[in-house]
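Report on the following structure.
The values are calculated or read from the model by the stated rules, or taken from the named source; none is laboratory data. Please read all numbers here as calculations on a predicted model, not as lab measurements. Cβ placement follows ideal geometry from the backbone for every residue including glycine, while neighbour counts extend to all protein chains displayed.
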Amino acid sequence: MAAREVPGPWWLLLAALLVVEVARATHECALYLSRAPVVPYAPNSIFPYGSFGSSVCITHGDVNAAFELARSKLPPITPPHDEYTPETVAPVGQLLLDTSRILAQRFSLSSYEIFYELPRLDVSHTAVAEVCPDFASPMTCVPTRYRRHDGLCNNLLHPTWGATRTVFNRLISPVFADGIAAPRLSVGHPYSSLPNPRRVSAHIHRDDGYHDHAISLLFLAWGQFMDHDFTLTATPLDPETRNEPERNCCVLPEHQQHQECLEIRLPKDDQFYSLFHQDCLEFFRGLPGVRQDCKLGVRAPFNILTSVIDVNTVYGGSHRHANRLREGVGGLMKMNNVFKDLGLRELLPTKTDFVDEGCTRSSSPTLFCFEAGEIRVNEQLILTTIHTLWFREHNRICKELSIINPHWDDETLYQETRHIVSAMVQHITFHEFLPLLLGEKVMRNYGLTLEHQGYWDGYDPATDPSMTAAFITAAFRFGHSLLPSAVERWSPSNKFMGSVRLSRLIRQPFDLYRAGVLDEYYIGLTKQPVQAMDDAITQEVFNIFYVVLYKSNMFKFNINIGLFYMYNNRTHKTPSHTSFYFFRKFCGLPPITNFHELASVMTNVTAHRYADVYSHVDDIDLWSAGVSERPLEGSLLGPTFSCIVATQMQRVRRGDRFWFELPGQPSSFTPAQLASIRTTRLARVLCDNTDRVEEVQRYPMLLADPHINPVVRCGSGQLTRLDLSPWRHIH
């Protein structure tokens, strides 16, 4: 029997040298990347020693050199005197991005290494620490009963998770043309641009006008209200108007444009825009953000808002903003008592600082826009009505608490009411909204079903509730498929009062200044069906709003929803929809490898239209394909969007230390208080905060049905009012 061969002494010497090399490198390197291929041992094999030369050692000195080179090419960074704003965060984000780019080029880092490995580099001992903002620097958190308005310290170990100014998370790694910042390119034609988004939107997302006969428009209003509680991407704004910069990208030569310009060039033969001699639409990508501890890595847009359900749409995302909205007496929010002489309830306070921010006052220059906790309150009138509803509910609860606890001061009344309102909105979202959106099966599979009694001990400090790019740029933008062409008003006696084209209500909420109209809109929201969930998008947001702007000689906004979201997917570097390696793989769905297979998840007609404009199925934009998917049984969404939304909502619940069902936290409700919160119904909130709404269906996000969703009178006792007696304090 032949003797077994064993490695000779040179193998032992090589192994020893390898151990010494790795030990030296890991000791001196801030980041060590071993690229040596792994070769399994085999007798008489030859070890590729030369490949060790490709390993990467990035030292603190390398980081400092890259940082100083990047800083020399940018304007000086001056820390703000007060809190960091998007305008003061972005220069730091750009400096870190340029530092990352220089390191990536110098060391020939792969896309994988830039995204996964570079953020592991500790920059606390480098020059980067000099510019790291306080909100991204290490801090000590102390548990409290009430949330901070900016969301910091929700997670005691990871203070920025879910907080304002946090960069967006990724469900999967992004696709960058250059590995770090450039929008993705075509798979079908390598190194070529993706199809023109306007050509895609015009060909795929036509206005077919079908309606869903179960879901009411109030469902859509609530969805947008929650979307604005979750996320607002920081983008460039005009310093004087606080709106999008005007005519910057399309008109100016490239060297004079804003650095975030990514204008959308329109086809010369476009059937709509060519009528107005328009060949370009303004577009600005999100500003670069700053990660926790100022980590390096790929470009990362950031969220101006908190990612958890804390109703900052009402209260604001900073201490300064919150104080501006408070009355300062009795815990109350400011209101506009314009109908005092008529005995009607109050409207939102008026906006008097930047009077045209997010609003178009040219048609009503004597009227002011509204103020709330979120700057998009005036984006469309039906959204304004939901903001108004919760301002009123805060003051209603606050007044009751002041009677129950007359010894409570302004701060206690305000914070305890805010605590209750946040819990109510969490309950309505998970009890009334998400089941309609996702269906009971998806709710169960992702652990989204609320407890009926007792506590839910599901908080996980390892779960980051921060918003993901796929959720905010695509999946939760499903609602634009549901938008109607007009918004209806109905009287308390169930008579149709009229309708207004949606385009006339965008950034123009002034109809609410007519006495009694607000209630008519509330009733209309409960009676009007939304459009069907499909690939059809109303022309009111695709084209018609542009006509309104054109006739008014105002091109500030150039809104085209489908176009915007497809392009936003690309600039956020959201990977394509159908690749096996991307979202379908993440969601455990079978891959789509060709246009023939695409017809298995959407209609044949739609799949054929995609084949007309895309050269490869992996090029299809996430938002576009997501709204085109066939819905799951009992759901409004298809499998991919259901997965993305459910995953995000799971993180929002599990990663929120202030979630209303939790035990053992300083913020926890007593068992009696929690039982009271669980009686919350949106129908009751409508009854309690309107002037003439006397009846409403039990679940107003669904159209009324005499058998499964009957209309009940507000005073009948069938809609339980929130019992505040468990909040009575003896001392």
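Below, the figures for the structure above:
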{"item": "Per-region count, segment 227-263, residues farther than 18 Å from Phe302 by Cα and in a helix (DSSP H, G or I)", "result": "3"}
{"item": "Output for segment 302-321, where each listed residue is charged (D, E, K, R) and either under 30 Å from Asn64 (Cα atoms) or assigned to a loop (DSSP other than H, G, I, E, B) (or both)", "result": "Asp310"}
{"item": "Close pairs from segment 145-157: first at positive phi and at pLDDT 95 or above, partner in a loop (DSSP other than H, G, I, E, B) and of a type outside the set (Ser, Thr, Tyr), Cβ under 6 Å, at least 6 apart", "result": "Gly151/Gly162; Gly151/Ala163; Cys153/Cys141; Cys153/Pro159"}
{"item": "Residues (within 27 Å of Tyr146 (Cα to Cα) and surrounded by fewer than 21 Cβ atoms within 10 Å (Cβ to Cβ)) located in segment 632-656", "result": "Thr647, Gln650, Arg654"}
{"item": "Segment 149-168, subset out of contact with any helix residue (DSSP H, G or I) (no Cβ under 7 Å at 6 or more places or on another chain) and among the β-branched types (Val, Ile, Thr), residue farthest from Arg324 (Cα to Cα)", "result": "Val167"}
{"item": "Only listed residue being in contact (Cβ under 8 Å) with a residue 60 or more places away in the chain and farther than 22 Å from Leu436 by Cβ, chosen from Phe658, Phe641", "result": "Phe658"}
{"item": "Some residue of segment 504-526 being at pLDDT 85 or above, among the small types (Gly, Ala, Ser) and under 27 Å from Pro365 (Cβ atoms)", "result": "yes"}
{"item": "Selection status of Leu636, touching a residue at least 60 places away in the same chain (Cβ under 8 Å) and part of a loop (DSSP other than H, G, I, E, B)", "result": "yes"}
{"item": "Restricting segment 355-377 to residues that are at pLDDT below 95 and in a helix (DSSP H, G or I), the residue that is surrounded by the most Cβ atoms within 10 Å (Cβ to Cβ)", "result": "Ile375"}
{"item": "Test: Pro706 is farther than 22 Å from Gly223 by Cα, modelled with pLDDT of 95 or more, surrounded by fewer than 17 Cβ atoms within 10 Å (Cβ to Cβ) and not β-branched (Val, Ile, Thr)", "result": "no"}
{"item": "Hits in segment 78-109 (condition: touching a residue at least 40 places away in the same chain (Cβ under 8 Å), of a type outside the set (Asp, Glu), farther than 16 Å from Val167 by Cβ and surrounded by 14 or more Cβ atoms within 10 Å (Cβ to Cβ))", "result": "Arg101, Leu103, Ala104, Arg106, Phe107, Leu109"}
{"item": "Residue list for segment 579-611, restricted to those being in a loop (DSSP other than H, G, I, E, B), at pLDDT 85 or above and within 15 Å of Ile644 (Cα to Cα)", "result": "Cys587, Gly588, Leu589"}
{"item": "Filter result for Arg299 (assigned to a loop (DSSP other than H, G, I, E, B) and on the phi > 0 side of the Ramachandran plot)", "result": "no"}
{"item": "Test: residue in segment 397-419 that is touching a helix residue (DSSP H, G or I) at 6+ places or on another chain (Cβ under 8 Å), farther than 26 Å from Met333 by Cβ and in a helix (DSSP H, G or I)", "result": "no"}
{"item": "Number of positions in segment 264-294 that are more than 21 Å from the chain's Cα centre (by Cα), assigned to a loop (DSSP other than H, G, I, E, B) and surrounded by 20 or more Cβ atoms within 10 Å (Cβ to Cβ)", "result": "2"}
{"item": "Check on Val712, touching a residue at least 40 places away in the same chain (Cβ under 8 Å) and aliphatic (A, V, I, L, M)", "result": "no"}
{"item": "Condition broken by Val530, with the remaining ones in (1) modelled with pLDDT of 50 or more; (2) assigned to a helix (DSSP H, G or I); (3) of a type outside the set (Ser, Thr, Tyr); (4) crowded, with 24+ Cβ neighbours inside 10 Å satisfied", "result": "(2)"}
{"item": "Leading residue by the ranking (farthest from Pro631 (Cα to Cα)) among those in segment 463-496 that are among the aliphatic types (A, V, I, L, M) and in a loop (DSSP other than H, G, I, E, B)", "result": "Met467"}
{"item": "Selection count where residues are surrounded by fewer than 18 Cβ atoms within 10 Å (Cβ to Cβ) and on the phi > 0 side of the Ramachandran plot, scope segment 302-330", "result": "2"}
{"item": "Residue within segment 603-611 that is closer than 28 Å to Met443 by Cβ and out of contact with any strand residue (DSSP E or B) (no Cβ under 6 Å at 6 or more places or on another chain) present", "result": "yes"}
{"item": "Scope segment 405-454; condition buried (at least 16 other Cβ atoms within 10 Å of the Cβ) and hydroxyl-bearing (Ser, Thr, Tyr); matching residues", "result": "Thr412, Tyr414, Thr417, Ser422, Thr429, Tyr446"}
{"item": "Of the criteria (1) more than 20 Å from the chain's Cα centre (by Cα); (2) buried (at least 21 other Cβ atoms within 10 Å of the Cβ), which one Gly151 fails", "result": "(1)"}
{"item": "Any chance Phe430 is modelled with pLDDT of 95 or more, of a type in the set (Phe, Trp, Tyr), part of a helix (DSSP H, G or I) and within 30 Å of Glu327 (Cβ to Cβ)", "result": "no"}
